[in-house]
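Participant: Below are the structure tokens for one structure; questions will follow.
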Amino acid sequence: MADKGTLAEYRRRRDFSRTGEPRGDAAGAPADRPGFVVQIHDATTTHFDFRLEVDGVLKSWAVPKGPSGDPHDKRLAMPTEDHPLEYRDFEGVIAKGEYGAGAVIIWDEGTYRNLTEDRRHRPVPLAEALAGGHASFWLDGSKLRGGYSLTRLRGDRYGDREAWLLVKRGDSRASHARTPDPRRARSARSGHTLGQVAAEGGPTWTRADGASQDGPSGESPSGDGPGGGGAS
Ligand code: MN
């Protein structure tokens, strides 16, 4: 089942009495197909967070420029701590003063298929592939579709952190589609922009214990025009 031990770093960084982010206590049954989520996070710098469900946790990378549909674009992806599966439902605002303070939207979500093979074309489990520094997978999201790969750069470190590249594979889904402006991008879940989520305030996910963490409700917050929403 889930290797919850890998969430120690995630929990160490957060005060759950102050942030609405999930602690990761739910023991959800494994889904038929593993999921992925790409969040846009308006923290100190605005970035994309790319997360793949692997062995009960979300393996995570911060991708400053976001994923590209163009195989020529090599997007830097910096590993971050494993996140709990419930984090794929997190859209809201991380409170001021807390780790990663700022608005988060679920930009894209869906399922994926592991495509990683060894030299003899035998399938390699994703956890093993990532440990080895190279994984390929097919994303079925509402925005991202097709094959992508994540590759660890050898000997190329940014400070004490590993650096990886997230690259679109050359397949039928390759395109010249550019990553959208993160400030104008809309949530796949709510249709809201970062600015709208920031204006709404509190986290909009629901706790596993059933206690709703919803902010002020409302189907159509004011300022819900194209590219609208308050700047944060
Ligand atoms: Mn982030």
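The values are calculated or read from the model by the stated rules, or taken from the named source; none is laboratory data. Keep in mind that this is a model prediction, so the values were computed, not measured. Positions of Cβ are backbone-derived with ideal geometry, glycine not excepted, and every protein chain shown enters the neighbour counts.
Participant: Given (1) part of a helix (DSSP H, G or I); (2) small (Gly, Ala, Ser); (3) within 16 Å of the ligand (Cβ to nearest atom), identify the lone condition not met by Ala127.
Facilitator: Going through (1) part of a helix (DSSP H, G or I); (2) small (Gly, Ala, Ser); (3) within 16 Å of the ligand (Cβ to nearest atom) one by one, Ala127 breaks only (3).
Participant: Scanning region 75-93 for residues that are within 17 Å of Ser149 (Cβ to Cβ) and of a type outside the set (Lys, Arg), which turns out farthest from the ligand (Cβ to nearest atom)? Let's see the steps before the verdict.
Facilitator: The initial filter retains those residues of region 75-93 that are within 17 Å of Ser149 (Cβ to Cβ), namely 75-79.
After this cut, where a residue has to be of a type outside the set (Lys, Arg) as well, the list is 76-79.
Numbers: Leu76: 14, Ala77: 12, Met78: 10, Pro79: 12 Å.
Among them, the one singled out is Leu76.
Participant: Continuing with this model, one more query. Return the residues of region 86-107 that are more than 11 Å from the chain's Cα centre (by Cα) and under 26 Å from Glu128 (Cβ atoms); say none if nothing qualifies.
Facilitator: Answer for region 86-107, where residues must be more than 11 Å from the chain's Cα centre (by Cα) and under 26 Å from Glu128 (Cβ atoms): just Glu86.
Participant: Here's something else I'd like to know. State yes or no: is Ala103 over 25 Å from Ser149 (Cβ atoms), touching a residue at least 60 places away in the same chain (Cβ under 8 Å) and buried (at least 22 other Cβ atoms within 10 Å of the Cβ)?
Facilitator: For Ala103, the condition - over 25 Å from Ser149 (Cβ atoms), touching a residue at least 60 places away in the same chain (Cβ under 8 Å) and buried (at least 22 other Cβ atoms within 10 Å of the Cβ) - is met.
Participant: Surrounded by 19 or more Cβ atoms within 10 Å (Cβ to Cβ), of a type in the set (Asp, Glu), more than 13 Å from the ligand (Cβ to nearest atom) and within 24 Å of Ala199 (Cα to Cα): does that describe Glu21?
Facilitator: no
Participant: Given (1) farther than 18 Å from Phe16 by Cβ; (2) away from the ligand (no atom under 14 Å from the Cβ), where does Lys96 come up short, assuming only one miss?
Facilitator: (1)
Participant: Does Arg33 meet the test of being away from the ligand (no atom under 16 Å from the Cβ) and either at pLDDT below 95 or not in a strand (DSSP E or B) (or both)? Outline the logic, then answer.
Facilitator: Working: away from the ligand (no atom under 16 Å from the Cβ): yes; either at pLDDT below 95 or not in a strand (DSSP E or B) (or both): yes.
It is true that Arg33 is away from the ligand (no atom under 16 Å from the Cβ) and either at pLDDT below 95 or not in a strand (DSSP E or B) (or both).
Participant: In this structure, does Ala135 turn out to be among the small types (Gly, Ala, Ser) and within 15 Å of the ligand (Cβ to nearest atom)?
Facilitator: no
Participant: So Gly110 fits all but one of (1) surrounded by fewer than 19 Cβ atoms within 10 Å (Cβ to Cβ); (2) over 19 Å from the mean Cα position of the chain (by Cα); what number is the exception?
Facilitator: (2)
Participant: Looking for something modelled with pLDDT of 90 or more, in contact with a Gly (Cβ under 6 Å, 6 or more places away or on another chain) and farther than 16 Å from Pro79 by Cβ - is there at least one such residue anywhere in region 45-52?
Facilitator: no
Participant: When you scan region 50-74, how many residues do you find that are within 14 Å of the ligand (Cβ to nearest atom) and free of Cβ contacts under 8 Å to residues at least 40 places away in the same chain?
Facilitator: 5
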